[in-house]
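**Student:** This is the structure I want to talk about, given as structure tokens.
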Amino acid sequence: MTSFVAGFAVFSALGYLAHTNGVAVTEVVKGGIELVFVAYPAAISAMPLLPEVFGIMFFLMIVMLGIDSAFSMVDSTSCALQDYIKIPPLLTTAIVCIVGFIGSMLFASGGDLYWLDIVDHYVWYYLVIIVGLLEALAIGYVYGADKLREYFNQTTDLKVGKWWDIMIKYITPAILGLLPIYYIYDGIVHPYGGYEFIPTLAGWMIVIGTIVAAFVTARIMRNKNQNNN
């Protein structure tokens, strides 16, 4: 519902900018980064009442959203590491934050928006979809969709029917399995953003490298736990 309401703000801002510049809505900005840091600030600066106050509120909201997103990313990573590495949670969180800080220095360089756009595209168009696919397969075929559905029905007021099993085991994996194939084909035929070979290769290396690193890390940690036991 929040995204639905935000859509009114997005398209009203784009419509205003398109009208004042005499161009089509599709030509105002490409979306993504430009939408947040170009379209919204331009629309806020044109407000007839207290644009400075609304500008501060808007960018304060962006900062809070970034901090909130960092909570989820750091906590999920540190909790996963704590399952394999027996060190205090505070130390695990500190390690994750330091590694993340070092990696994010790339986005504070001269090509900050350039690299941010590439990483954002390849992570969200490929890695997030692949993670969703693996989660659906793990729930549907490893843990058992029926077991999780029974747990839902026992602990929540909203009851879930057997249609949920079908969605998790067949419909969702089919959709999430086809999307990366389409995006890979489209990315080869039409390189994202018209970038040259090296940035495009870097994007693919991020996707492949993350997947390989995840499997290798899980294998090492699993073998370590087996040896300890």
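**Student:** From the list Ile62, Ile67, exactly one residue is in contact (Cβ under 8 Å) with a residue 24 or more places away in the chain, under 30 Å from Ala94 (Cα atoms) and part of a helix (DSSP H, G or I). Which is it?
**Tutor:** None of the others qualify; the one that does is Ile62.
**Student:** Can you report the number of residues in region 179-229 which are of a type in the set (A, V, I, L, M) and on the phi > 0 side of the Ramachandran plot?
**Tutor:** Total meeting the criteria: 0.
**Student:** Something else now. State yes or no: is Glu34 assigned to a helix (DSSP H, G or I), at pLDDT below 85 and of a type in the set (Asp, Glu)?
**Tutor:** Here the answer is yes, as Glu34 does meet what is asked.
**Student:** Follow-up question, since we're still on this one. Go through (1) exposed (fewer than 12 other Cβ atoms within 10 Å of the Cβ); (2) more than 14 Å from Leu133 (Cβ to Cβ) for Thr210 and report which single condition fails.
**Tutor:** The single condition Thr210 does not satisfy is (1).
**Student:** Just the residues that are at pLDDT below 75 and either in a helix (DSSP H, G or I) or touching a helix residue (DSSP H, G or I) at 6+ places or on another chain (Cβ under 8 Å) (or both), please, taken from region 193-220.
**Tutor:** Gly193, Gly194, Tyr195, Phe197, Ile198, Pro199, Thr200
**Student:** In region 185-229, which residue that is of a type in the set (A, V, I, L, M) and touching a residue at least 12 places away in the same chain (Cβ under 8 Å) is farthest from Trp115 (Cα to Cα)?
**Tutor:** Residue satisfying both the conditions and the ranking: Met221.
**Student:** Take Ile139 and tell me if it is closer than 22 Å to Tyr195 by Cβ, surrounded by 15 or more Cβ atoms within 10 Å (Cβ to Cβ) and in the same structural domain as Ala218 (by TED's automatic domain parsing).
**Tutor:** Against the criterion (closer than 22 Å to Tyr195 by Cβ, surrounded by 15 or more Cβ atoms within 10 Å (Cβ to Cβ) and in the same structural domain as Ala218 (by TED's automatic domain parsing)), Ile139 does not qualify.
**Student:** Looking at region 87-103, can you tell me whether even one residue there is closer than 30 Å to Thr200 by Cα, modelled with pLDDT under 85 and either surrounded by 11 or more Cβ atoms within 10 Å (Cβ to Cβ) or not assigned by TED's automatic domain parsing to the domain that holds Tyr192 (or both)?
**Tutor:** yes
**Student:** Kindly provide the set of residues from region 118-130 that are in contact with a helix residue (DSSP H, G or I) (Cβ under 9 Å, 6 or more places away or on another chain) and within 18 Å of Val212 (Cβ to Cβ), ordered by number.
**Tutor:** Across region 118-130, the qualifying residues are Val119, Tyr122, Val123, Tyr126, Leu127, Ile129, Ile130.
**Student:** Considering region 86-99 alone, what residues qualify as being touching a helix residue (DSSP H, G or I) at 6+ places or on another chain (Cβ under 7 Å) and not hydroxyl-bearing (Ser, Thr, Tyr)?
**Tutor:** Of everything in region 86-99, those that are touching a helix residue (DSSP H, G or I) at 6+ places or on another chain (Cβ under 7 Å) and not hydroxyl-bearing (Ser, Thr, Tyr) turn out to be Pro89, Val96, Cys97.
**Student:** Does Leu49 count as at pLDDT below 85 and surrounded by fewer than 12 Cβ atoms within 10 Å (Cβ to Cβ)?
**Tutor:** yes
**Student:** Scan region 106-119 for residues that are exposed (fewer than 15 other Cβ atoms within 10 Å of the Cβ) and charged (D, E, K, R) and jot them down.
**Tutor:** Asp112
**Student:** Turning to a different aspect of this structure: For region 1-27, give me each residue that is under 24 Å from the mean Cα position of the chain (by Cα) and not in a helix (DSSP H, G or I).
**Tutor:** Matches in region 1-27: Met1 only.
The values are calculated or read from the model by the stated rules, or taken from the named source; none is laboratory data. A quick note: this is a predicted structure, and the numbers were derived from the prediction, not measured. Note: ideal-geometry Cβ built from the backbone for every residue, glycine included; neighbour counts use all protein chains shown.
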